[in-house]
Amino acid sequence: MLTGKVAVVTGGSRGIGAAIAQKLASQGANVAVIYAGNQELAHQVCDRCQDHAVTARAYRCNVADFDQVKETVAQIKADFGTIDILVNNAGITRDGLILMMKEEAFDEVLDVNLKGAFNLIRHCAGIMLRKKAGAIVNITSVSGLVGNPGQANYSAAKAGLVGLTKSVARELAPKGITCNAVAPGFIETDMTRGLIDNPDLVKSIPMGRVGQAEEVAEAVAFLAQASYITGQVLPVDGGM
Ligand code: NAI
């Protein structure tokens, strides 16, 4: 159980992030939901978290912006008193074949998926260090482990997250802070709309179906409270 812990979830207004926020709340954690744009959705997620008798608040913040993240983390610390769990879930795709990929598409995807996680870890780790406890979970992807045609930018960012996870894990392990990653396969969300209806894609999944956001959230909740696991990547991909 996570009773009384404070969790920060980026990209928490929908999809996998919303499921993670609600899962952590269901186990007793107070939740700070960071969202990019849709305030109404973020507030709806907070309301659903609060059904579990915890405190939940929404914070608008572009995770790619170092200074905005610094301010937001300071505000969360002021509001909740501390941060125990950080889930770097915010992510975007700008797919395209490598010969056609625009420079901006590469930069944007790296900025949100990889630098965004760095920004959050950079500003939250000090708070965790002072209490010599904390858990960081980064959401990477099967694309970052085995690659995917049309996703050079996204795969690079997600593979980068694996390296970030492993180095931060080694660096912060002596301070009682864990850092792990979850690598989802194909999960039914806005990000995969249109893609997952492809029968060939479903056939490539040994379990014969796409995953649900809730199934990723279960793995995150597990790693958020694992006391002797760090630097690991846990695939949640139906056997891919
Ligand atoms: P989604 O598109 O439904 O949600 C992404 C969330 O990130 C949204 O709440 C969005 O507002 C937020 N976000 C985007 N840019 C942001 C920024 N600059 N600052 C703050 N928040 C920002 O996507 P989904 O499917 O829920 O994905 C969540 C995570 O899981 C992502 O990191 C994605 O790469 C990863 N993932 C998803 C898979 C899938 O099959 N859906 C598979 C593997 C990984």
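The values are calculated or read from the model by the stated rules, or taken from the named source; none is laboratory data. The model shown is predicted, which means the values in this text are computed figures rather than measured ones. Glycine also receives a Cβ, built like all others from the backbone with ideal geometry; neighbour counts cover every protein chain displayed. Just so you know, the surface numbers come from the protein's heavy atoms only, side chains and all, with ligands and any DNA or RNA stripped out. Shrake-Rupley method; radii C 1.70, N 1.55, O 1.52, S 1.80 Å.
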Is at least one residue of the range 192-206 over 17 Å from the mean Cα position of the chain (by Cα), crowded, with 17+ Cβ neighbours inside 10 Å, modelled with pLDDT of 95 or more and assigned to a loop (DSSP other than H, G, I, E, B)?
yes
Any residue at all in the range 8-24 that's more than 23 Å from P184 (Cβ to Cβ) and either of a type outside the set (S, T, N, Q) or surrounded by 24 or more Cβ atoms within 10 Å (Cβ to Cβ) (or both)?
no
Name, by its number, the condition in (1) over 24 Å from L195 (Cα atoms); (2) touching a helix residue (DSSP H, G or I) at 6+ places or on another chain (Cβ under 6 Å); (3) free of Cβ contacts under 8 Å to residues at least 60 places away in the same chain that does not hold for A135.
(3)
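For (1) away from the ligand (no atom under 13 Å from the Cβ); (2) touching a His at 6+ places or on another chain (Cβ under 9 Å); (3) farther than 25 Å from A74 by Cβ, each residue gets a yes or a no:
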| site | (1), (2), (3) |
| --- | --- |
| G4 | yes, no, no |
| A7 | yes, no, no |
| G11 | no, no, no |
| R14 | no, no, yes |
| A18 | no, no, no |
| G28 | yes, yes, no |
| A36 | no, no, no |
| L41 | no, no, no |
| D51 | yes, no, yes |
Give just the number: which of (1) among the hydrophobic types (A, V, I, L, M, F, W, C); (2) in a helix (DSSP H, G or I); (3) away from the ligand (no atom under 12 Å from the Cβ); (4) out of contact with any Phe, Trp or Tyr (no Cβ under 9 Å at 6 or more places or on another chain) does I76 not satisfy?
(4)
Considering residues of the range 57-73 that are within 14 Å of the ligand (Cβ to nearest atom) and outside any helix (DSSP H, G or I) only, the residue most open to solvent (accessible area, probe 1.4 Å)
R60
Subset of the range 94-113 [within 15 Å of the chain's Cα centre (by Cα) and open to solvent by 40 Å² or more (accessible area, probe 1.4 Å)]
D111
Confirm whether I139 is open to solvent by less than 80 Å² (accessible area, probe 1.4 Å), more than 24 Å from G185 (Cβ to Cβ) and within 19 Å of the chain's Cα centre (by Cα).
no
Please state which one of G37, G28 is at positive phi and either in a loop (DSSP other than H, G, I, E, B) or open to solvent by 80 Å² or more (accessible area, probe 1.4 Å) (or both).
G28
Report yes if some residue within the range 168-188 is without any contact (Cβ under 8 Å) to a residue 12 or more places away in the chain, within 14 Å of the ligand (Cβ to nearest atom) and open to solvent by 20 Å² or more (accessible area, probe 1.4 Å); otherwise report no.
no
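Among the residues of the range 44-56, is there at least one that is within 22 Å of L114 (Cβ to Cβ) and either open to solvent by less than 10 Å² (accessible area, probe 1.4 Å) or touching a Cys at 6+ places or on another chain (Cβ under 8 Å) (or both)?
Checking the range 44-56: not a single residue is within 22 Å of L114 (Cβ to Cβ) and either open to solvent by less than 10 Å² (accessible area, probe 1.4 Å) or touching a Cys at 6+ places or on another chain (Cβ under 8 Å) (or both).
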